[in-house]
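Here's the structure we're looking at; comments come further down.
What follows is calculated from the coordinates using simple rules that are stated; it is not laboratory data. Everything quoted here is computed from the prediction, not taken from an experiment. In this analysis, Cβ positions are derived from the backbone assuming ideal geometry, glycine residues included, and neighbour counts consider all displayed protein chains.
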Amino acid sequence: MIKHLKALPEIRINMVCMGNICRSPMAAAVLSNRTSDWISPKITVESSGTGAWHVGQGPHPTSQKVWENAGYRYTHSARQFQSSDFFTTDLILVMDSSNFKNVVNLADNDESRNKVFYLRSFDPTLCAINPMSAEYFKLEVPDPYNQSIEAYESTLAMIERAVDGLLQELQHP
């Protein structure tokens, strides 16, 4: 799926959700913390949202609390995904089908479209699911926005499993 990226000295990854204050910064926090000591390939992580509602804001307080309680440190300011991100990013990991459609619709060629994956496509228990099949919804990270802390904790667990799978794929030949 992404084996060609392992040859790069640096892999630039963009996590994408809707507003860029809950899921994508949480995913960026997990990935950046888990790869902070990687030298080859060096992993650079950012996040963005398909909407502009929260541009310039920090993360949702509950999202940040949950990732910090899990030991992750990360500074975040919301930004909107732009078509120019295809030129500065090697891998775009979306949280749900709405994000997938919105991002792919901004792509003007197959090379750009081929950079877009559901984050949970890397979860070893879900990687056999075709994102274009009727089971695509199983690959979604549900939006915990303004829900209970348990919803955010569940989101973190999904993200951690997917990031573990991603890192395994990037580390092994």
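Membrane-span-like helices in the chain: DSSP H runs reaching 18 Å or more (Cα, own axis), mean Kyte hydropathy at least -1.0? Provide the component values of the computation, followed by the final result.
Values: long enough: 149-171 (32 Å, 0.15).
Helices meeting the criterion: 149-171.
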Base-10 log of normalised Debye intensity for the chain (one unit scatterer per alpha-carbon) at q = 0.08, 0.12, 0.18 Å⁻¹: -0.21, -0.48, -1.17
Å³ per residue enclosed by the Cα convex hull of region 68-133: 133
Of K42/K138; K65/K115; K6/K138; K6/K115; K6/K101, pairs whose Cα-Cα distance is over 20 Å: K42/K138; K65/K115; K6/K138; K6/K101
Most mobile of G58, G19, G71 in a GNM of the chain (Cα contacts under 10 Å): G71
Virtual paramagnetic centre 7 Å along Cα→Cβ of Q57, amide N under 14 Å, in region 132-162: 144-147
Distant-in-sequence amide H partners of H54 (H built 1.01 Å from N, under 5 Å): none
Top of D110, D96, D85 by mean-square fluctuation, Gaussian network on the chain, Cα under 10 Å: D110
